[in-house]
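Before any comments, here is the structure.
The values are calculated or read from the model by the stated rules, or taken from the named source; none is laboratory data. Computed from a predicted structure; not experimentally measured. With ideal geometry, Cβ positions are generated from the backbone for all residues, glycine too; neighbour counts draw on all protein chains shown.
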Amino acid sequence: MDKKTLNDILSNYQEIENSLIENDGELSDDIEEKLRINNLDLSEKLNGYEKFVRYLKHQTEYLKSMEDHYAKRRKTIENSILRFKGSMINAMKLTSNSSIKTEEFNFSLNTSKKWKLDDSKISQDIKDMLVSKGLAEHNFKPFISEIKSMYKDKDIPEWIEILESEYLRVS
């Protein structure tokens, strides 16, 4: 049996359909045999596709595990950097040195300021003013599950779009 592409198999179905039409809809032994062979080809092709899909799924799982591994490793290294920097700061503070020059580097203690807003202390008027001046933004996050529950078995408003897509269940 020749290895055929999925497009070849689908093209054969069209040829079988044309043969059936030319034969006035009568299913001859020849057409039935072509149909049987094409069905086998399609089954074999789908089996091959599913095996490859499963292989790809395993590959993505492996890649995800490696991403997790490297993310943990990166976090460990980042934490090590913070600990070393903290140790250097503590050493300079304990020795009352605000700057130290070496042959390779210059070290100096500095202070940075980080601003943080206490959301619980900001009134709605202040929030609106910050948004109107371009200093903040409104974040609108609809909860699709709750909206779906609310409008289930009701008329769907025009601002809701329901997208359908086909999927293949393989068992």
Looking at Phe107, is it without any contact (Cβ under 8 Å) to a residue 24 or more places away in the chain, in contact with a strand residue (DSSP E or B) (Cβ under 7 Å, 6 or more places away or on another chain) and among the aromatic types (Phe, Trp, Tyr)?
yes
Failed item, numbered, when Ser120 is tested on (1) part of a loop (DSSP other than H, G, I, E, B); (2) closer than 30 Å to Ala136 by Cβ
(1)
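Regarding region 123-135, can at least one residue be identified that is of a type in the set (Ser, Thr, Tyr), surrounded by 10 or more Cβ atoms within 10 Å (Cβ to Cβ) and assigned to a loop (DSSP other than H, G, I, E, B)? Don't jump to the end; show me each part of the working.
Narrowing region 123-135 to residues of a type in the set (Ser, Thr, Tyr): 123, 132.
Cutting the leftovers down to surrounded by 10 or more Cβ atoms within 10 Å (Cβ to Cβ) gives us none.
So far as region 123-135 goes, no, none of its residues is of a type in the set (Ser, Thr, Tyr), surrounded by 10 or more Cβ atoms within 10 Å (Cβ to Cβ) and assigned to a loop (DSSP other than H, G, I, E, B).
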Residues located in region 102-141, provided they are more than 33 Å from the chain's Cα centre (by Cα), among the hydrophobic types (A, V, I, L, M, F, W, C) and over 30 Å from Ser87 (Cβ atoms)
Ile122, Ile126, Met129, Leu130
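Please state which one of Asn79, Asn39 is of a type in the set (S, T, N, Q), at pLDDT 95 or above, assigned to a helix (DSSP H, G or I) and surrounded by 12 or more Cβ atoms within 10 Å (Cβ to Cβ).
Working: Asn79 fails: surrounded by 12 or more Cβ atoms within 10 Å (Cβ to Cβ).
Every option except Asn39 fails the conditions.
Here is a yes/no grid of residues against (1) of a type outside the set (Phe, Trp, Tyr); (2) part of a loop (DSSP other than H, G, I, E, B); (3) loosely packed, with under 10 Cβ neighbours inside 10 Å:
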site	(1), (2), (3)
Lys93	yes, no, no
Phe107	no, no, no
His138	yes, yes, yes
Lys148	yes, no, no
Leu163	yes, yes, yes
Could you check Val53 against (1) part of a helix (DSSP H, G or I); (2) of a type in the set (A, V, I, L, M, F, W, C); (3) closer than 18 Å to Thr111 by Cα and say which number it fails?
(3)
